[in-house]
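Here is the structure we will look at.
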Amino acid sequence: MPILCAMNTITEPSRDIPITCEVDVCVLGGSCTGAFAAIRAARRGLKVAIVEKQNRFGGVATCGLVCIWHNDLDDQYDEQIIAGLSLETVERLKRRDAVEVRERNPDARYVLNTEELTIELDELIREAQVQPFLHTMYCGAAIAEDGRIEAVFIENKDGRGAIRAQVFIDATGDGDLSKDCRAPFSVQDDLQPPTTCGKIAGLEGINMRQFYNQHRDEFAVPKDAGWSCRIPNGAPVRVHAETHVFGANVADATQLTHAEMEGRRHIRAMMDMVRKHMPERREQLCLYDLSSSIGTRETRRFRAEHQLTEHELLHGHRFYDAIANGTYRVDIHYPEGGGHIFRYFDGREVSTRHDGKVWSRWRDEADAYPLFYQIPYRTMVRRDCPNLIMAGRMIDADQGAYGAIRVMITMNQTGEAAGEAAALALDGTPTWQVDPVALRGRLSEGGSIMK
Ligand SMILES: Cc1cc2nc3c(=O)[nH]c(=O)nc-3n(C[C@H](O)[C@H](O)[C@H](O)COP(=O)(O)OP(=O)(O)OC[C@H]3O[C@@H](n4cnc5c(N)ncnc54)[C@H](O)[C@@H]3O)c2cc1C
């Protein structure tokens, strides 16, 4: 029987938890970041489990319907700087005509069919013999006094269980395990807001930014500015990410619930505007799909052995322990009113709002500039968490650097690095002491491009 304590708490009786499985590496969070971490570790012959709370792998790229992977070439589109599992996945999707490749396009290099990606990730996980747990939530950890994680607790249809492992990779985006390890984190006051995406037919050719803001008062939705993208193979459906739920920290359960419902209300408002003000479109108008989980841009960001700064990024600082390359511009969505600011390597800067764009420069036109940036492994590890590796959008970067590296083609590489680093830490080496030369060597062997 539960014992009632003070007014707002209740004591849960203690109980023994069954060990669901014992593995070498346990990955929490199954976006491409987490899935690629698991696959890289499993391809080294390790026993690997992956835990994902939703019904599929892929995170924002599948559940969130976000279908764009950015540039894998340098800033002048000359040299390949990203490969590994991202490119392998793209090649596999090409065989199914499930990806559109756009040449010299700063906004989208690969446009993916997110449903085909879902099935492809299943295949990759299966082939690598990773032990998958879908519909399974990470919900706590057993942590020793020296900071080592002994096991994590999970919950699913079978109830509560535990997974023991030598090394744990936190790829939950929000850093749920890292938080339980008491790794310090921050949540910005001006968080980049989340978005509910929808696949919608019948909006082709409408300037949604203008149309939405013209009619938004009538539908009680805030001023906003987003984007949309055609899906591969010319289907008459676009993915629309037109709105934001401002002020929501979706690592907070109450705010997450509110944001999910509010984001869906925005989609309906958008469609109702068309029904009312463009009745001639009603016949084509159709909501095909909604993101099964609101797309998160930013929540907790954790401190690690190194914080990547915007200065390092935009000046192309080279790191001895670089594990990822990227070119995606600094892209910070405004916390209110919609739109974003882009800061490019070549010195251009543009602020986009619902009512237009304003261009300026942050670097002199005559200055030389780097063609890509790097992420050091030290942004993913802490010395007080000896068997934890962080991967994905929780890693240590300041606001500007974070605005650039948070995109998938870049985050995917942090997953791959985490998987390879976990294999190197299996002999008991603390994760923060993994040899960067060996790590880069392993990454390169597995198909990643190390510069
Ligand atoms: C609307 C929108 C548009 C975007 N546009 C682009 C774009 O065009 N191109 C681009 O590259 N990037 C884009 N981004 C950014 C990009 O999608 C994210 O930054 C990126 O997906 C982060 O990857 P991640 O693996 O760290 O996190 P996520 O993709 O959020 O993955 C985290 C995973 O962990 C799981 N998880 C979380 N908590 C738990 C738990 N407790 N137990 C088990 N599982 C858990 C989640 O279900 C999820 O699968 C966009 C983001 C949004 C929201």
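Go through (1) buried (at least 21 other Cβ atoms within 10 Å of the Cβ); (2) charged (D, E, K, R); (3) over 22 Å from residue 235 (Cβ atoms) one by one and return the number of the condition residue 88 breaks.
(1)
Go through (1) more than 24 Å from residue 73 (Cβ to Cβ); (2) without any contact (Cβ under 8 Å) to a residue 40 or more places away in the chain one by one and return the number of the condition residue 390 breaks.
Residue 390 satisfies every listed condition except (2).
For residue 63, state whether it is part of a strand (DSSP E or B), of a type outside the set (A, V, I, L, M), within 15 Å of the ligand (Cβ to nearest atom) and touching a residue at least 60 places away in the same chain (Cβ under 8 Å).
no
Name, by its number, the condition in (1) within 16 Å of the ligand (Cβ to nearest atom); (2) touching a residue at least 60 places away in the same chain (Cβ under 8 Å); (3) at negative phi that does not hold for residue 166.
Unmet for residue 166, out of (1) within 16 Å of the ligand (Cβ to nearest atom); (2) touching a residue at least 60 places away in the same chain (Cβ under 8 Å); (3) at negative phi: (1).
Quick one: in region 244-292, which of the residues that are part of a loop (DSSP other than H, G, I, E, B) and hydrophobic (A, V, I, L, M, F, W, C) is surrounded by the fewest Cβ atoms within 10 Å (Cβ to Cβ)?
Only one residue tops the list, namely 278.
Considering region 367-403 alone, what residues qualify as being of a type in the set (A, V, I, L, M) and surrounded by fewer than 24 Cβ atoms within 10 Å (Cβ to Cβ)?
368, 371, 401
Please name all residue pairs, on different chains or six or more residues apart, with Cβ atoms under 6 Å, provided the first residue is in region 94-107 and is farther than 13 Å from residue 230 by Cβ and the second residue is part of a loop (DSSP other than H, G, I, E, B).
98/113; 104/77
Return the only residue of 331, 289, 252 being within 15 Å of the ligand (Cβ to nearest atom) and without any contact (Cβ under 8 Å) to a residue 24 or more places away in the chain.
Just a single option satisfies the conditions, and that option is 252.
Please enumerate the residues belonging to region 49-60 that are assigned to a loop (DSSP other than H, G, I, E, B) and more than 6 Å from the ligand (Cβ to nearest atom).
Result: 55, 56, 57.
Could you list all residues from region 356-377 that are farther than 29 Å from residue 320 by Cα and assigned to a strand (DSSP E or B)?
Answer for region 356-377, where residues must be farther than 29 Å from residue 320 by Cα and assigned to a strand (DSSP E or B): 356, 357, 358, 359, 360, 361.
Please go through region 30-48 and give me each residue that is more than 7 Å from the ligand (Cβ to nearest atom), touching a helix residue (DSSP H, G or I) at 6+ places or on another chain (Cβ under 8 Å) and assigned to a loop (DSSP other than H, G, I, E, B), ordered by number.
Within region 30-48, 44, 46 meet the criteria.
Can you pull out every residue in region 120-134 that is free of Cβ contacts under 8 Å to residues at least 40 places away in the same chain and surrounded by 16 or more Cβ atoms within 10 Å (Cβ to Cβ)?
Listed by number, the list holds a single entry, 120.
Taken together, the values in this text are just the output of simple stated rules run on the coordinates, not laboratory data. If you're wondering where the values come from, they're calculated on a predicted model, not measured in any experiment. Note: ideal-geometry Cβ built from the backbone for every residue, glycine included; neighbour counts use all protein chains shown.
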